[in-house]
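The values are calculated or read from the model by the stated rules, or taken from the named source; none is laboratory data. No experiment lies behind these values; they were computed from the predicted model shown. Heads up, the Cβs are rebuilt from the backbone with ideal geometry, glycines too, and the neighbour counts pull from every protein chain shown.
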Amino acid sequence: MMTNIRAATKKIGIVGFGCIGSYLCYLLDDKQTKVFVRRTASPIKPTLSVDGERKALKTQRCYFSEKSLHALDLLIVPVKSYQNAELIKQLRPILPQSIPILILQNGISGIEEFRQAFPYNEIFAGISTDGLYRQSIDSVVLAGRGKLLIGQIQDKKQSCKGLASAKKLMSRHPHGEWSDNIKEQIYQKLLVNCVINPLTFLYDCKNGEVVKYTNECEEIINEVLGVFAHERVHISPDSALTRVLEVIRATAKNTSSMLQDKLGEKPTEIDAILGAIIQKANHYQCPVKKVEQLYQAVKQQEQRYLNTANR
Ligand code: PAF
């Protein structure tokens, strides 16, 4: 009970009104929460649609500054992985070592980038399986309720403020849970993303249709598990396939985030997903032919539409 009272007063910062950021902002909805944006006076009024009802996101907006960051008990980073480098450049000179960071994004490269850039900050990582998509510049839709898992990445002792803030967030999410093995769960999610995201992108299909490509799914799974084994994450091919098929079924009607990026002519997270696997495979010298082939195919198409969109 004591922890809940303290957790309720925790000051949480969220980077941007992306899909996950907007949903967390809606869940937290209190004066203690700040959303960090580029333009505080922007005329755009972000909203979130839940069960057909469009709700304005009222949370306080602010810029990054030493003062605004210093007041925080937790900084949540729910941005796309390709935005990390720019964000780290901005934060490195001003983020105090005492502020815990929670990384909520696809892939594993973000966790490594933030650990390297902020070696003294406490790092949490999480997985969100909520079905969210952007409908327009000012509106995000919650299409399906999922889970929010949070855990600590380092073996360091958890600080009170980091833990209490994570608890506050979990208590506001309808299915928020603490995880003692978040690293393994992030790898499991990465495996799912390695299969569903590039296949839906390349075949222009909803998640459910990926069942038609079971042979390709198995090829990807076997290569990715070979890399995971070097990282001491052991998952059997059978249970991996079962898990991937479960997610395909549960999200059958969804448009994957990578296909959403393609439809919106935006950069994808392919580098943080298959790119991260290739990087590790090179390091451990293990073959990942299928993964490389899919990576190149996605990159080529992505480059083509990005070039056209920028013309
Ligand atoms: O990136 C995504 O779209 C999601 O993580 C997933 C699980 C593939 C469902 O669409």
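Which fully enclosed helices (runs of 4 or more DSSP H) of region 1-100 have 1 or more residues being in contact with a strand residue (DSSP E or B) (Cβ under 6 Å, 6 or more places away or on another chain) and not basic (Lys, Arg)?
Details: elements: 2-8, 19-28, 66-70, 84-91.
Output list reads 19-28, 66-70.
Kindly indicate whether any position in region 96-106 is modelled with pLDDT of 95 or more, closer than 21 Å to VAL140 by Cβ and surrounded by fewer than 22 Cβ atoms within 10 Å (Cβ to Cβ).
no
Scanning region 243-265 for residues that are surrounded by fewer than 17 Cβ atoms within 10 Å (Cβ to Cβ) and charged (D, E, K, R), which turns out farthest from the ligand (Cβ to nearest atom)? Steps first, answer last, please.
Initially, region 243-265 is screened for residues surrounded by fewer than 17 Cβ atoms within 10 Å (Cβ to Cβ), giving 245-246, 249-250, 252-253, 263-265.
Add one more test, that the residue is charged (D, E, K, R), and what stays is 246, 249, 253, 265.
On the way: GLU246: 11, ARG249: 11, LYS253: 10, GLU265: 17 Å.
So the residue we want is GLU265.
Within region 174-185, take every residue that is in contact with a Gly (Cβ under 9 Å, 6 or more places away or on another chain) and part of a helix (DSSP H, G or I) and give me the one that is farthest from the ligand (Cβ to nearest atom).
Taking the candidates together, the pick is LYS183.
Just one of the numbered conditions (1) within 16 Å of the ligand (Cβ to nearest atom); (2) within 21 Å of TRP178 (Cα to Cα); (3) of a type in the set (A, V, I, L, M) is not true of ILE76; which one?
(1)
For (1) over 18 Å from GLY176 (Cα atoms); (2) in contact (Cβ under 8 Å) with a residue 24 or more places away in the chain; (3) hydroxyl-bearing (Ser, Thr, Tyr); (4) in the same structural domain as LEU190 (by TED's automatic domain parsing), each residue gets a yes or a no:
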| site | (1), (2), (3), (4) |
| --- | --- |
| TYR26 | no, yes, yes, no |
| VAL35 | yes, yes, no, no |
| SER42 | yes, no, yes, no |
| ARG61 | yes, yes, no, no |
| SER65 | yes, yes, yes, no |
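GLN188 fails exactly one of the following numbered conditions: (1) farther than 30 Å from ILE44 by Cα; (2) in a helix (DSSP H, G or I); (3) more than 14 Å from the ligand (Cβ to nearest atom); (4) among the polar types (S, T, N, Q). What is the number of that condition?
The failed condition is (3).
Within the bounds of region 198-212, is there any residue that is farther than 21 Å from GLY126 by Cβ and among the small types (Gly, Ala, Ser)?
yes
Restricting the search to region 106-138, which residues are within 14 Å of the ligand (Cβ to nearest atom) and farther than 24 Å from GLN279 by Cα?
SER128, THR129, ASP130, GLY131, LEU132, TYR133, ARG134
Could you give every pair whose Cβ atoms fall below 9 Å, whose first residue belongs to region 236-264 and is farther than 27 Å from ARG134 by Cβ and not assigned by TED's automatic domain parsing to the domain that holds GLN301, and whose second residue is away from the ligand (no atom under 11 Å from the Cβ) and part of a helix (DSSP H, G or I), counting only separations of at least 6 or pairs across chains?
The qualifying pairs do not exist here.
Return the residues of region 191-218 that are in contact with a Ser or Thr (Cβ under 8 Å, 6 or more places away or on another chain) and part of a helix (DSSP H, G or I); say none if nothing qualifies.
Matches in region 191-218: ILE196, ASN197, THR200, PHE201, ASN207, GLY208, GLU209, VAL210.
Looking at GLN135, GLN116, can you tell me which residue is under 19 Å from the mean Cα position of the chain (by Cα), without any contact (Cβ under 8 Å) to a residue 12 or more places away in the chain and surrounded by fewer than 16 Cβ atoms within 10 Å (Cβ to Cβ)?
Working: GLN135 fails: without any contact (Cβ under 8 Å) to a residue 12 or more places away in the chain.
Just a single option satisfies the conditions, and that option is GLN116.
Could you say whether any residue in region 219-242 is within 12 Å of the ligand (Cβ to nearest atom), outside any helix (DSSP H, G or I) and surrounded by fewer than 17 Cβ atoms within 10 Å (Cβ to Cβ)? Lay out the reasoning, then the answer.
Residues of region 219-242 within 12 Å of the ligand (Cβ to nearest atom): none.
Taking every residue of region 219-242 in turn, none turns out to be within 12 Å of the ligand (Cβ to nearest atom), outside any helix (DSSP H, G or I) and surrounded by fewer than 17 Cβ atoms within 10 Å (Cβ to Cβ).
Could you say whether any residue in region 175-197 is surrounded by fewer than 20 Cβ atoms within 10 Å (Cβ to Cβ), out of contact with any strand residue (DSSP E or B) (no Cβ under 8 Å at 6 or more places or on another chain), without any contact (Cβ under 8 Å) to a residue 40 or more places away in the chain and not assigned by TED's automatic domain parsing to the domain that holds VAL298?
Within region 175-197, none of the residues are surrounded by fewer than 20 Cβ atoms within 10 Å (Cβ to Cβ), out of contact with any strand residue (DSSP E or B) (no Cβ under 8 Å at 6 or more places or on another chain), without any contact (Cβ under 8 Å) to a residue 40 or more places away in the chain and not assigned by TED's automatic domain parsing to the domain that holds VAL298.
Checking TYR82 against (1) touching a residue at least 40 places away in the same chain (Cβ under 8 Å); (2) crowded, with 21+ Cβ neighbours inside 10 Å, which test does it fail?
Looking at each condition in turn, TYR82 falls short on (2).
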